[in-house]
Amino acid sequence: MHLSDIQRAPKVVLHDHLDGGLRPATIIELARGCGYRALPTEDPEALAVWFRDAADSGSLERYLETFAHTCAVMQTREALERVAAECAEDLAADGVVYAEVRYAPEQHQEGGLTLDEVVDAVNAGLREGERRAGGRITVRALLTGMRHTDRSLEIAELTVAHRERGVAGFDIAGGEIGNPPARHLSAFQHLKRHNCHFTIHAGEAVGAESIHEAVQVCGAERIGHGVRITDDITVHDDGTATLGHLASYVRDNRIALEVCPTSNLQTGAAKSYDTHPIDLLRRLGFRVTLNTDNRLVSGTDMSLEFVHMAEAFGYGPEVFEEFTVAAAEAAFLPLPERRRLIDEVIRPGYAALR
C-alpha cells in the first residue's frame, strides 16, 4: 500500500488530544500574542523536533510535561477557536473522515474563561474547521477530567450539558500512577444516570488492574490505550494464547481499545513497532482501533501510524479498513450515523483503493 493510497484512505480517530496536536507555528504566534516566553525555541521546525524529543523519554509523566507549553497559549476564546479549527483542518487533510478530539476544559481557564465559554469556543472552532475542510470531516469533542484534580464531577456535568452541541462524551486522563479511575466514581455515576458516553485512559502506565477498575468498577465503554491488557494474556510457545477472565470480558463484550502505537513507544508502554501488542490483540479478536494520541508531541498523524503498522506487520487495505470500521462502530455517535459513515464513506473509500 503506497503512501499516497494511505493518505487517501478514509480514517477514523477516536483518541486525539487537542492540546497535543497544535501546529508549531501557531504555538509560536500565540505565545508572542499572549506574552508567553518559556518556549524552548521560536523556530517552528526546531520546536516540532523539541516536542518529539522531549516526549521520547519512556516515561508517561515526562511525556505529559510537554503540555505545559501548549496549554499556556490556549487561554483565550480566540486561541481555542483557532487551535480547534486548525485541528479539524489538519485531520481532514490526512484523510480523517470522523474524529473525536479530547481536551480538559479546566486547563484553559487561566485567562478568566468559564468552563462553558471554553467548550463553546472549542466547538465553534471545530465547526469552522469542518467548514474549511469542505464537509469532508465530522469532529466531535470529548471533555476530559484530570485524574490528579477533584473536578471530574464538574466536567461530567459539563459534558451532559453540552452533549447536544458537539460534545460526544467524557474522558479521564493524566498520570495513572497513584490516581486510579475509581477515585472519580461520582463522575462516572453521573454520566451513567444521564445515559452519557465515556472512555477512560487505562492500561498504559499501570497494568491490567487499571483496566479492570475502569471497566468493572467505573463502567467504561472504551479504554484509552489499554495495551496492558496483555498482562492478562499468556502466549504459548506454539503461538496459541490463553486469555484471563478480564481479557476475555473485554474482548467478548467488544470494549474498544484506543491503541496509539507511536505514543506507546514514547511512554514505555511498548518497546518497538514490530513487537507492539496491537497485532496480537487484533489476531485474538479484540476490537482494536488505531489512533494518534498527540500529533505534535508524538510527531505523527493517522497516515504515519498506518505506515508504521504496514512496515511492522505487513498490513494492507483490508486490515486498515478493519481498524477503521472498528473505530466507527465504537464511535460515540447514534447508530444510524455510524452505519451511514461505514456504508457511505468508509467501505466505498477502501473499495476505490482496491
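The values are calculated or read from the model by the stated rules, or taken from the named source; none is laboratory data. Predicted model, so just to flag it, every value in this text is computed and none were measured. Please note: Cβ atoms are built from the backbone with ideal geometry, for glycine as well, and neighbour counts cover all protein chains shown. Surface accessibility is based on the protein's heavy atoms, side chains included, excluding ligands, DNA and RNA. Shrake-Rupley method; radii C 1.70, N 1.55, O 1.52, S 1.80 Å.
Among the residues of the stretch 235-245, which ones are farther than 27 Å from residue 266 by Cβ and either in contact with a helix residue (DSSP H, G or I) (Cβ under 9 Å, 6 or more places away or on another chain) or not in a loop (DSSP other than H, G, I, E, B) (or both)?
242, 243, 244, 245
What do you reckon, is residue 326 surrounded by 19 or more Cβ atoms within 10 Å (Cβ to Cβ) and not β-branched (Val, Ile, Thr)?
Answer is yes for this residue.
What are the pairs with Cβ atoms under 7 angstrom where one residue, in the stretch 106-123, is touching a residue at least 12 places away in the same chain (Cβ under 8 Å) and closer than 19 Å to residue 152 by Cα and the other, located anywhere, is open to solvent by 50 Å² or more (accessible area, probe 1.4 Å) and basic (Lys, Arg)? Sequence gap at least six, or different chains.
Final answer for the pair search is 106/151; 113/77; 117/77.
Can you run down the residue pairs with Cβ atoms below 7 Å, 6 or more apart or on separate chains, where the first is in the stretch 1-25 and without any contact (Cβ under 8 Å) to a residue 40 or more places away in the chain and the partner is open to solvent by 10 Å² or more (accessible area, probe 1.4 Å)?
So the pair list comes out as 25/44.
Within the stretch 1-48, how many residues are more than 22 Å from the chain's Cα centre (by Cα), of a type in the set (Ser, Thr, Tyr) and surrounded by 14 or more Cβ atoms within 10 Å (Cβ to Cβ)?
1
Suppose the filter is more than 25 Å from residue 293 (Cβ to Cβ), small (Gly, Ala, Ser) and either out of contact with any Leu (no Cβ under 8 Å at 6 or more places or on another chain) or crowded, with 16+ Cβ neighbours inside 10 Å (or both); does residue 248 pass it?
Values: more than 25 Å from residue 293 (Cβ to Cβ): yes; small (Gly, Ala, Ser): yes; either out of contact with any Leu (no Cβ under 8 Å at 6 or more places or on another chain) or crowded, with 16+ Cβ neighbours inside 10 Å (or both): yes.
Taking the combined requirement at face value, the residue satisfies it.
Could you run through the stretch 169-186 and say how many residues are among the hydrophobic types (A, V, I, L, M, F, W, C), closer than 26 Å to residue 125 by Cβ and either open to solvent by 10 Å² or more (accessible area, probe 1.4 Å) or touching a Cys at 6+ places or on another chain (Cβ under 9 Å) (or both)?
2
Return yes when residue 232 is crowded, with 19+ Cβ neighbours inside 10 Å, closer than 23 Å to residue 275 by Cβ, modelled with pLDDT of 95 or more and out of contact with any Cys (no Cβ under 6 Å at 6 or more places or on another chain) and no when it is not.
The answer is yes for residue 232.
Taking the stated definitions as given, is residue 282 out of contact with any Ser or Thr (no Cβ under 8 Å at 6 or more places or on another chain), buried (at least 20 other Cβ atoms within 10 Å of the Cβ) and part of a loop (DSSP other than H, G, I, E, B)? Even if it seems obvious, please write down each step before you answer.
Details: out of contact with any Ser or Thr (no Cβ under 8 Å at 6 or more places or on another chain): yes; buried (at least 20 other Cβ atoms within 10 Å of the Cβ): yes; part of a loop (DSSP other than H, G, I, E, B): no.
Spelling it out, it is not the case that residue 282 is out of contact with any Ser or Thr (no Cβ under 8 Å at 6 or more places or on another chain), buried (at least 20 other Cβ atoms within 10 Å of the Cβ) and part of a loop (DSSP other than H, G, I, E, B).
Counting just the residues of the stretch 49-67 that are open to solvent by 40 Å² or more (accessible area, probe 1.4 Å) and among the hydrophobic types (A, V, I, L, M, F, W, C), which one comes out nearest to residue 204 (Cα to Cα)?
64
Looking at (1) touching a residue at least 12 places away in the same chain (Cβ under 8 Å); (2) open to solvent by 60 Å² or more (accessible area, probe 1.4 Å), which is the one condition that is false for residue 164?
(1)
Please verify whether residue 96 is surrounded by 20 or more Cβ atoms within 10 Å (Cβ to Cβ) and either within 28 Å of residue 343 (Cα to Cα) or hydrophobic (A, V, I, L, M, F, W, C) (or both), treating the condition exactly as stated.
When the stated conditions are applied, residue 96 passes them.
Check 223, 200, 155 and return the single one that is part of a helix (DSSP H, G or I) and buried (at least 23 other Cβ atoms within 10 Å of the Cβ).
Working: 223 fails: part of a helix (DSSP H, G or I); 200 fails: part of a helix (DSSP H, G or I).
Criteria check complete, one pass: 155.
Only one of these is within 22 Å of the chain's Cα centre (by Cα), surrounded by 18 or more Cβ atoms within 10 Å (Cβ to Cβ), assigned to a loop (DSSP other than H, G, I, E, B) and not β-branched (Val, Ile, Thr): 107, 75. Name it.
75
Do we find that residue 265 is closer than 20 Å to residue 99 by Cα, assigned to a helix (DSSP H, G or I) and open to solvent by 30 Å² or more (accessible area, probe 1.4 Å) in this structure?
no
Go through the stretch 55-72 and report how many residues are more than 16 Å from residue 29 (Cα to Cα), assigned to a helix (DSSP H, G or I) and touching a residue at least 60 places away in the same chain (Cβ under 8 Å).
Adding up the residues that qualify gives 6.
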